[in-house]
Every structure is written in C-alpha cells, then in structure tokens.
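Input: a single structure, listed below in structure tokens.
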Amino acid sequence: MKNVIEVTELRKNYNALAAVDSISFEVEEGEVFGFLGPNGAGKTTTVRMLTGIIKPTSGRISIMGFGIEQDPIKAKQLIGVVPELSNAYNELSAWNNLQFMAELYGVSGRVARGRAEELLTKFDLYDRRDTKVKTFSKGMKQKLTIAMALMNDPEILFLDEPTSGLDVRSARLIKKMMRELNNAGTTIFLTTHYMEEANQLCSRVAIINHGRIAAIDAPEKLKTRIGGLEWVEVSFSTPVTVSDLPDLPQVLEVRSSGDKLQLYTDEPGSTISRLVDYARSTDRTIVTLNTLTPTLEDVFIKLTGDGRAG
C-alpha cells in the first residue's frame with residue numbers, strides 16, 4: 001500500500017514555543033487515519049500545515065508526491081477540507097455554494113452541475129438546493145460543508161471534528177457517509193475528540209501531545225500495548241454505592257458510573273465470583289455484569305495525562 005501523505009520532521013514555532021515539534025508520520029492510501037490530541041497539543045496546527053493554510057517552520061509535507069510548499073496548487077487539487085466550523089456562505093443557496101467551490105477548484109461548468117446534483121441528492125439536500133444556507137440546521141450545514149469539500153472529487157478528505165455538536169441522528173449519518181466515501185476509495189484524515197468515534201472508524205490513529213507524536217497504531221494494538229487492568233462493570237437490583245461493597249483484595253479501584261459500579265482489577269474471574277457471593281449474601285440480584293478491557297479513551301488518558309481531546 002502506498003503512502004498518500006508523508007510528513008517528515010515537521011516543525012512549527014511561535015516565537016520560542018514549538019507548537020509542533022519535529023513530527024514524522026505517513027498515511028496510507030485508502031485508510032481512515034485518526035489524529036487525536038488534547039487542546040493545545042498541536043493537532044490543529046498540524047492539520048493547517050498539511051492543508052497549506054499555514055507554512056511550517058521546517059520539515060516536509062508530501063501529498064501524493066507533491067510538496068505542499070513546492071507544488072501547492074497540485075497538492076491542494078488532490079484534497080478536500082471540511083473545517084470544524086462551516087465555511088459555507090450563509091447568504092448563498094446550497095447550489096451556489098457548491099458552484100462557487102467548483103470555480104475555486106477549476107471544475108468545468110458541466111461537470112460541476114452534475115457533481116452538485118449528485119452530492120445534493122446523496123446528502124438529502126436536493127430539495128433545499130435553492131434555499132439560503134442561513135436557514136439550515138447545523139446538521140444540514142455540516143452535510144453541505146462536506147459536499148463542498150467533495151466538489152473536486154478529492155483523493156484525500158480532511159475532516160476536522162465532523163460530528164461535533166450534532167444530534168445523534170445527524171452524527172450517525174455523517175459517519176455513515178464517511179464509511180461510504182472510504183469504501184469508494186477516498187483516504188480520510190480525521191480529527192475528533194470523540195474516542196469511540198475514532199475507535200469505530202479509524203484503521204490507525206496518531207496521538208499527539210505537547211507537539212510530539214506519542215503513539216501511532218491501530219486502535220486495538222494501542223489498547224494491547226498499554227496493557228494495564230481490566231475492569232468488571234456490575235449493576236444490582238437495588239442501589240449499591242462504592243462504600244457498600246466489601247473489601248475485595250484483587251480490586252485496586254472502584255468507580256461509580258450511573259447505576260453501575262466499575263471495579264478495576266487484574267483478576268476479573270475472582271472478582272466476579274466475589275460479586276456473586278456479595279449479591280447472594282445481601283439478597284440482591286445482579287442485573288448486568290460485564291468484563292471490559294482498556295478503551296481507546298484509556299490509551300489517550302495514559303499517553304496524554306488528564307488533557308481532553310479537542
């Protein structure tokens with residue numbers, strides 16, 4: 001599999017601060033590559049350099065063999081960018097926004113009209129094509145923003161927090177569209193602060209922290225790599241607090257999560273047996289009982305501390 005993005009010793013300084021500190025990575029053709037990091041970690045700065053919005057202090061970025069600084073027009077013709085905040089013009093209609101984007105990319109009129117009809121239909125916006133964008137809901141604006149990024153039929157699609165602030169239905173639709181685009185051959189570079197979204201969609205993720213790459217791998221491999229504890233999640237027929245439980249030697253920590261308790265342990269089997277004994281001795285019924293392994297969120301926290309992705 002060939003690399004469509006290659007980043008070598010990329011650095012961005014703001015005065016004495018290295019916002020991005022000599023990072024290197026590759027993105028393979030056809031993958032969904034997640035780029036995660038806490039607020040201020042250098043994630044947004046990196047994406048802006050990759051898409052040619054700002055210039056790096058040093059290092060090299062190659063988009064399908066074209067240097068983003070040496071051949072910016074050729075490189076940018078191969079990518080589509082979906083920013084976190086919609087870049088659609090509110091006073092223009094959905095149709096005119098798409099045609100304007102086509103003009104920017106040099107897409108011919110006939111091709112642009114056909115492409116706009118196809119995308120508006122796909123995104124369920126065709127009936128609203130002549131409506132000004134200022135009347136659109138956030139979910140509709142997000143769909144239009146993605147459609148705008150696809151007007152030049154890009155090889156690589158950059159998506160910056162594409163489901164942020166959307167309702168569940170709209171977020172599911174956006175994720176479904178991402179899978180369809182990827183299945184059709186589009187390489188996707190995704191930034192998100194939703195760990196489960198990255199876990200579901202990404203073939204590999206990179207985690208950046210303090211301007212440096214902390215890890216790059218498939219989500220499941222990252223979970224295995226950090227090792228650590230499993231946990232047992234249990235709920236009872238009547239409320240049980242952390243202080244209600246007896247001392248369980250194998251359990252290192254107990255957390256409350258809604259109506260459930262999470263017991264962190266390196267011996268889940270023994271812990272389950274003791275929970276069953278506790279339920280019997282207190283005349284309670286176990287409603288749910290699950291053994292869980294570390295999540296991508298656990299990986300993120302371990303590699304970045306308590307910083308939130310953003």
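Brief remarks on what is shown
- Yes/no for residue 90 being touching a residue at least 12 places away in the same chain (Cβ under 8 Å), surrounded by fewer than 18 Cβ atoms within 10 Å (Cβ to Cβ), at negative phi and part of a loop (DSSP other than H, G, I, E, B): yes
- Residues that are without any contact (Cβ under 8 Å) to a residue 40 or more places away in the chain and more than 26 Å from residue 219 (Cβ to Cβ), drawn from segment 283-310: 283
- Pairs are defined by a Cβ separation below 6 Å, a sequence spacing of at least 6 or placement on different chains, a first member in segment 244-264 that is in a strand (DSSP E or B), and a second member that is among the acidic types (Asp, Glu); the pairs so defined are 260/233; 262/233; 264/253.
- Taking strands (runs of 3 or more DSSP E) as the structural unit, those lying wholly within segment 1-67 and holding at least 2 residues that are surrounded by fewer than 17 Cβ atoms within 10 Å (Cβ to Cβ) correspond to 3-14, 17-28, 58-63.
- Under the condition of being of a type outside the set (A, V, I, L, M) and closer than 14 Å to residue 43 by Cα, the residues counted in segment 14-33 number 5.
- Segment 208-228 residues that are surrounded by fewer than 17 Cβ atoms within 10 Å (Cβ to Cβ), paired with ones that are assigned to a helix (DSSP H, G or I) (beta carbon under 8 Å, 6 or more apart): 217/225; 225/299; 226/298; 226/299; 226/302; 226/303; 228/298; 228/302
- Taken over segment 87-132, the criterion of being within 23 Å of residue 155 (Cβ to Cβ) and either of a type in the set (Ser, Thr, Tyr) or not assigned by TED's automatic domain parsing to the domain that holds residue 176 (or both) is satisfied by 105, 108, 121.
- Residue selected from segment 157-171 under the condition among the charged types (D, E, K, R) and assigned to a loop (DSSP other than H, G, I, E, B), by the criterion surrounded by the most Cβ atoms within 10 Å (Cβ to Cβ): 161
- As a summary of the residue check, residue 121 satisfies the conditions (1) among the polar types (S, T, N, Q); (2) under 24 Å from the mean Cα position of the chain (by Cα); (3) part of a helix (DSSP H, G or I) except for the one numbered (2).
The values are calculated or read from the model by the stated rules, or taken from the named source; none is laboratory data. Please read these numbers as outputs of a predicted model, since none were measured by experiment. All Cβ positions, even for glycine, are placed from backbone atoms using ideal geometry, and neighbour counts span all protein chains on display.
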